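Enquirer: The structure follows.
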Amino acid sequence: NGSRISDRITPSRCIKRKTARLMKQTTPLLVDSFGRFHNYLRISLIEKCNLRCTYCMPREGIQLSPKSSLMSAEEIVEIAKTFVIHGVDKIRLTGGEPLLRKDFASILAQLSTLKASLALTTNGVLIDRYIDDLKRARLQKINFSLDTLDADKFNTITLRSQFKKVRENLDLVIREGFETKINAVLLKGENEDEIIRFIEFTEKHNVNIRFIEFMPFQGNSWDQSKTVSYTEVMKRVHAHFGIEKVLRLEDAPNDTAKNYCIKGFTGSFAVISTVTNPFCDSCNRIRLTANGKLRNCLFSDKEQDLLTAIRAGESIEPIVQRALKLKKAVRAGLDSPETFDNYHNHQTNRSMIKIGG
Ligand code: SAM
Ligand code: SF4
């Protein structure tokens, strides 16, 4: 019941609660010092994007890595294979915009031969070109980023006028039967008034709308006051639909979202509350950037270089192990609201577009 959930939960309390259960699944390489087993690898395929979402892409743009320091398709597959050997069973492709990569279909096909399920995070602009490739690769899970259902607002948020194409493509992936989640980053004064409209979309559509709290990264002018919190979302939802119609759903293990549905609706909705209510205690994610750096946390500025090792013909396993051992309990050590909410503490981290969300 959302009305009973406080604005912030002390992260350290959460860690104690769930660590014991996660300890049971250990395989040594991908287990961190807190017993968390990392079976979920997120690979950024590219730093470039065809949108300019203001919460993600710094206004001044980003310094792109030279092409020679980006992973080739072969290098991506080689690194992914090592992770799968050690227990990764889910791989998400992200970016930048992953579908901008010219060899996307080939990377997808090669990864589909590994023993891991595949997922994709995309802004949807180009997805109509890849429907058959995605099906052939048995990729079913698509996170489709869409922050507004209004064309003008889309232009303001993404700085590009691709709304029509993106809406058509959203309908397409739903029609084609992909397991679709819509990622909407909530921005105070910009799209928070669309929370109810998005949830109403789930009445007839079998999608999961995930409201994401705006997170701080280098160059995105984050400010706590621009974040729409989990509690604020639930207040609006309860006020509109009535508390008895809002049902709390069971979250999947390691889920970053708190899931709900409206009684009688086909789809569901969720809130990802990284800022006000972190979920680090059950974190199973590890990230690989497009230039081959391993990141143990979204908020950490420490990276381990896998690509140089691969190119030198060295084993990446000791490097992976080091990355896992260095992982902090909560949000890269920014474990109190005071340290996390200080935007200065995020300036040495990459911008989101160069991490791969
Ligand atoms: N271009 C693809 C897309 O937009 O889906 C994949 C990359 S994008 C960086 C991945 C996800 O990160 C998107 O759902 C986006 O909304 C989210 N994201 C980016 N910046 C964010 C921020 N500052 N706070 C919260 N989520 C953010
Ligand atoms: Fe591009 Fe995705 Fe970032 Fe938007 S959120 S700028 S679509 S990478």
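The values are calculated or read from the model by the stated rules, or taken from the named source; none is laboratory data. In this text, all values refer to a predicted model and were calculated from it rather than measured experimentally. Note that each Cβ is placed from the backbone with ideal geometry, even for glycine, and that neighbours are counted across all protein chains shown. These area figures cover heavy atoms from the full protein model, side chains too; ligands, DNA and RNA do not enter into them. Shrake-Rupley method; radii C 1.70, N 1.55, O 1.52, S 1.80 Å.
Enquirer: Please work out how much length the chain gains when fully extended from residue 322 to residue 203, using 0.36 nm per residue of separation minus the C-alpha to C-alpha distance, in nm with one decimal. Please list the in-between numbers first.
Expert: Details: separation 119, 0.36 × 119 = 42.84 nm, distance 4.64 nm.
Length difference between fully extended and current span is 38.2 nm.
Enquirer: For the ranges 331-338, 267-274, what's the packing order if you count other beta-carbon atoms within 10 Å of each residue, average per peptide, and put the highest first?
Expert: Values: 331-338: 17.5, 267-274: 23.0.
Ranking, from highest mean packing down: 267-274, 331-338.
Enquirer: Here's another thing I want to ask about it. Once you have a ≥ b ≥ c as the square roots of the Cα gyration tensor eigenvalues for segment 222-279, tell me rounded if a/c is under 1.5, and otherwise prolate or oblate according to whether a/b is larger than b/c. Write down the numbers at each step before the final one.
Expert: Details: a/c = 2.76, a/b = 1.32, b/c = 2.10.
Since a/c reaches 1.5 but b/c is at least a/b, the shape of segment 222-279 is classed as oblate.
Enquirer: Which helices of the chain meet both criteria: a Cα extent of 15 Å or more along the helical axis and a mean Kyte-Doolittle score no lower than 0.0, with helices taken as whole DSSP H segments?
Expert: On the way: long enough: 11-23 (18 Å, -0.76); 73-85 (18 Å, 1.02); 163-175 (18 Å, -0.31); 230-241 (16 Å, -0.45).
Long hydrophobic helices here: 73-85.
Enquirer: Within segment 141-209, report the trypsin sites (Lys or Arg not before Pro) that DSSP leaves as loop and that have at most 13 other Cβ atoms within 10 Å. Provide the component values of the computation, followed by the final result.
Expert: Values: sites: 141, 153, 160, 164, 165, 167, 175, 181, 188, 197, 204; in loops: 160, 188, 204.
Sparse-neighbourhood loop trypsin sites (Lys or Arg not before Pro): 204.
Enquirer: Using 0.36 nm per residue of separation minus the Cα-Cα distance, give me the extension gain between residue 255 and residue 179 in nm, one decimal. Mind showing how you got there, number by number?
Expert: Values: separation 76, 0.36 × 76 = 27.36 nm, distance 1.55 nm.
25.8 nm is the gain from fully extending residue 255 to residue 179.
Enquirer: Note the count of lysine pairs whose C-alpha atoms are less than 18 angstrom apart in segment 203-324, limited to pairs 8 or more residues apart or on different chains.
Expert: Lysine pairs meeting the criterion: 9.
Enquirer: Sort segment 56-154 into rounded, prolate or oblate with this rule: let a ≥ b ≥ c be the square roots of the eigenvalues of the Cα gyration tensor; rounded if a/c is under 1.5, and if a/c is not under 1.5, prolate when a/b is larger than b/c, oblate otherwise.
Expert: Values: a/c = 2.01, a/b = 1.34, b/c = 1.49.
It comes out oblate by the Cα gyration axes.
Enquirer: Would you work out the relative contact order for the chain, in percent, from Cα pairs under 8 angstrom that are 6 or more residues apart? Intermediate values should be presented prior to the final figure.
Expert: Details: 690 pairs, mean separation 85.7, N = 357.
Reported relative contact order: 24 percent.
Enquirer: What does the charge count around residue 317 come to, taking other residues whose C-beta lies under 13 Å from its C-beta (Lys +1, Arg +1, Asp -1, Glu -1)?
Expert: Numbers: positive: 81, 322, 325; negative: 78, 314.
Net of charged neighbours comes to +1.
Enquirer: Taking amide H atoms as placed 1.01 Å from N in the peptide plane, list the residues 5 or more away in sequence, or in a different chain, whose amide H sits under 5 Å from that of residue 182.
Expert: Answer set, sorted by chain and number: 144, 208, 209, 210.
Enquirer: While we're here: Size of the dipole of segment 247-357 about the Cα centre, Lys and Arg at +1 and Asp and Glu at -1 on the beta carbon, nothing else charged, in debye to 20? Walk me through the numbers before you get to the answer.
Expert: Working: 16 positive and 12 negative charges, 41 e Å.
Magnitude of the dipole: close to 200 debye.
Enquirer: Something else about it: In Å², what does the accessible area per residue of the chain work out to with a 1.4 Å probe?
Expert: Numbers: 15540 Å² over 357 residues.
Dividing the accessible area of the chain by its residue count gives 44 Å².
Enquirer: Which value in nm describes the separation of the simple spin-label points at residue 344 and residue 85, placed 7 Å from the Cα toward the beta carbon?
Expert: 4.6 nm
Enquirer: So if I place +1 on the C-beta of Lys and Arg and -1 on the C-beta of Asp and Glu, and nothing else carries charge, what would the dipole magnitude of the chain be about its Cα centre? I want it in debye, nearest 20. Walk me through the intermediate numbers first.
Expert: Numbers: 56 positive and 42 negative charges, 145 e Å.
It comes to approximately 700 debye.
Enquirer: Which shape class, rounded, prolate or oblate, goes with segment 62-111 when its Cα gyration tensor gives a ≥ b ≥ c as root eigenvalues, a/c under 1.5 marks rounded, and past that a/b bigger than b/c marks prolate? Present the calculation step by step, with values, prior to reporting the outcome.
Expert: Details: a/c = 1.87, a/b = 1.63, b/c = 1.14.
Prolate.
Enquirer: What does the charge dipole of segment 253-295 about its Cα centre add up to, to the nearest 20 debye, if the Cβ of each Lys and Arg holds +1 and the Cβ of each Asp and Glu holds -1?
Expert: Numbers: 6 positive and 2 negative charges, 34 e Å.
The calculation lands at about 160 debye.
Enquirer: Can you pull the percent of the chain's accessible area that's carbon plus sulfur, 1.4 Å probe, other chains left in place?
Expert: Values: 7900 of 15540 Å².
Roughly 51 percent of what the probe reaches on the chain is carbon or sulfur.
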